[in-house]
1. So B:Val170 ticks every box in (1) at pLDDT below 90; (2) surrounded by fewer than 18 Cβ atoms within 10 Å (Cβ to Cβ) but one. Which box is left unticked?
2. Just name the residue that is modelled with the lowest pLDDT out of those in region B:6-42 that are surrounded by 16 or more Cβ atoms within 10 Å (Cβ to Cβ) and at the interface with chain A (Cβ under 10 Å from one of its Cβ atoms).
3. Suppose the filter is on the phi < 0 side of the Ramachandran plot, within 14 Å of another protein chain (Cβ to nearest Cβ) and surrounded by fewer than 18 Cβ atoms within 10 Å (Cβ to Cβ); does A:Arg80 pass it?
4. Hand me the list of helices (runs of 4 or more DSSP H) wholly inside region A:146-237 holding 3 or more residues that are surrounded by 15 or more Cβ atoms within 10 Å (Cβ to Cβ) and of a type outside the set (Lys, Arg).
5. Quick one: B:Val107 ticks every box in (1) surrounded by fewer than 21 Cβ atoms within 10 Å (Cβ to Cβ); (2) assigned to a loop (DSSP other than H, G, I, E, B) except a single one, so which number is it?
6. Collect the residues in region A:138-174 that are more than 10 Å from the chain's Cα centre (by Cα), within 12 Å of another protein chain (Cβ to nearest Cβ) and of a type in the set (A, V, I, L, M, F, W, C), keeping them in residue-number order.
Amino acid sequence: MTSETIISIENVFKRYPVGDGEFTALKDINLQFKRSEFAGLVGPSGSGKTTLLNIIGSLDSPTEGRAMVLGKNISELSHRESAWLRNKHIGFIFQVYNLLPVYTVFENVEFALLLQNIPADERKKAVMKALEWVGLADMAGKKPDKLSGGEGQRVAIARAMVKKPEIVIADEPSANLDAANTHAILKTMKKLNEELGTTFLFSTHDEKVMGYLERIVHLRDGYVEQDEIISPKSMTT
Amino acid sequence: MIKFLLKGILRDKTRSLLPIVVVSIGVMLTIALSAYMKGAFGDMIDQNARFDTGHVKVMTRAYLENKNQMPNDLALLGVDSLAQSLRQDFPDYQWVQRIRFGGLIDVPDENGESKGQGPASGMAIDLLNESSGEAKRLNIETSLVSGALPTQSGEAIIGHDFAEKLGLKVGDEITYFGSTMNGSMTFQNFKISGTIRFGAAVMDRGAVVVDITDAQQMLDMQDGAGEILGFSKLNVYDDEQAGRMAEKFNAKYAGDSDEFAPVMLPLKQQNNLGEWLDYADMMSGIFVFIFILAMSIVLWNTGLLGGLRRYQEFGIRLALGEPKGRIYRNLILEAVLIGAIGSVVGTILGMAISYYVQVVGIDISGFLKNSTMLMPSVLRAKVTPELFYIGFIPGVLAMVFGNMLSGIGIYKRETARLFKELEV
């Protein structure tokens, strides 16, 4: 497993206009994440977790400083280039599963590949494999409203993973799950992290999630309060 | 991707049903009204052509100026040679002579005393000569209510309503009172061979149809006729061709200052029919424009509502890396698919209604009781090939315009807010 730096955040500030003044959501953030890390941003609401994930996920850009993701400077990307980066290299898992309700489980997972114009037979193989990873291959034909919360989130994981992205960003993935389902999906994600070498970045304040993380970055009021290494894998250089 | 979008359209009824219904209704109304307008105006024009204007008409300049008074004193003379020259110059047209005359119809009793009278509007046509095609052109045989076509001189057919009003039946005798082309009084007896319903209220109320030779004799118009009508042998009015013919014919007499010199007018320049034709075209255009506009507004709002409902979906798609432009294009593609489905449904319904109205028609005779216009009593739609696209294209365009307007919101979406928005 390689240990190259794939995310590099250097002196990043993010400011938003508020009334006549401005609100600084991120203040001089400096972080690096290596390939296959299983890390989390932890902190109370308003600490800047989601803002930082937005920048890493190329959904937003810094007001100041430099955010490099997979060798791309996020500030310099056009809308189309940042969409392409998300499409090819970044998977997203949301707090609520955000599956498209009119499509089946199979079609929801397939959608990520449709955007890449992958041929139908390759898509089918990849989707079924992704559903096998999350243990839902037998539910491919079901609609999202027939799934339990845990199953829905596992479909969301399959959708994020089907294109084999280098980075998966998970925003409070356990917020709507009970303990058993939280553990189940985290085990799934950990397994994929180990098998595929995908970097997982979480935003969470769920103790159960933190228990699986190898690295925890504590944020408070837009600052990095503490960058805590839990397990030796992320220390690999 | 099209298959994927189509699945969404078919499964998500709220995304597709209302727009399809709106487009279908709009397209159906556009087609039905266009067909009805075309049919009704076409019938009116056709009826005018057959009974009055021909595809072109030749008369004297003086007759033309006083046409409404049926001025037989200003009629064409030497019509046989004139008709012959018309046949030579314009062989694609059939040329027939007609005389219009007004007068009084008197109904004598068994003692010869008058038992009833009524004003008559007479028309003399080449009835006894089958090759003229006049009886067929005026649908006289099929319009007979009782009796038969005149087979010999001295017979007449009479409007059925007129006959009923005067208490006449087939075989009865009537006497025509009027004036000759020279202004002297004339009267002539006719035997009623049949009664007829033309389907034009103005004629059914007082028409008398006799053979032209009888009229020429009765009105002292030997080798004379009020009008010579030309009908395309294809029986289709071609305005350009008729215009060219009239121009050519009139050029021959341009240097002649005689008020009795003949003049040719195409159908469109008679009885304001040109204005009616332009009016029909304009109304069809207005209908189509109104429906596109109305449908676009409704579909724009439907699209806005749909956009709100699909706000989450578009957010997910943006987060998954679908560019805004592609989402917008796919939205337009969906609009094309929905518009096409709605337009097909609307076209089928519109054509079915048009065909029904073409076959059955709408009876407006009740409105024409006092009308002096030559209008058919039953208005029918006309199914034409253009109806297949006249509604289809606007149906698709309206849906596309509606979605283009409502989809602009996609470009205003801030990706930085997606995580927050998708938490809900």
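1. The one condition B:Val170 does not meet is (1).
2. B:Arg15
3. Yes; evaluated as a whole, the condition is true for this residue.
4. A:149-161, A:179-196
5. Only one criterion in (1) surrounded by fewer than 21 Cβ atoms within 10 Å (Cβ to Cβ); (2) assigned to a loop (DSSP other than H, G, I, E, B) is unmet by B:Val107, namely (2).
6. Residues satisfying the conditions are A:Ala156, A:Val162.
One line per residue, one yes/no per condition, for (1) at pLDDT 80 or above; (2) under 30 Å from B:Lys412 (Cβ atoms):
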residue	(1), (2)
B:Glu322	yes, yes
B:Tyr328	yes, yes
B:Val344	yes, no
B:Thr347	yes, no
B:Ser371	no, no
B:Phe388	yes, no
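Listed here are the residues, each with its yes/no results for (1) of a type in the set (Val, Ile, Thr); (2) more than 28 Å from B:Lys412 (Cα to Cα).
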| site | (1), (2) |
| --- | --- |
| A:Ile7 | yes, yes |
| A:Val18 | yes, no |
| A:Lys49 | no, no |
| A:Leu52 | no, no |
| A:Ser58 | no, no |
| A:Met68 | no, no |
| A:Ala83 | no, no |
| A:Phe94 | no, no |
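The values are calculated or read from the model by the stated rules, or taken from the named source; none is laboratory data. Fair warning: this is a prediction, and the values are worked out from it, not measured in the lab. Here Cβ is always computed from backbone atoms with ideal geometry, including for glycine, and neighbour counts include all displayed protein chains.
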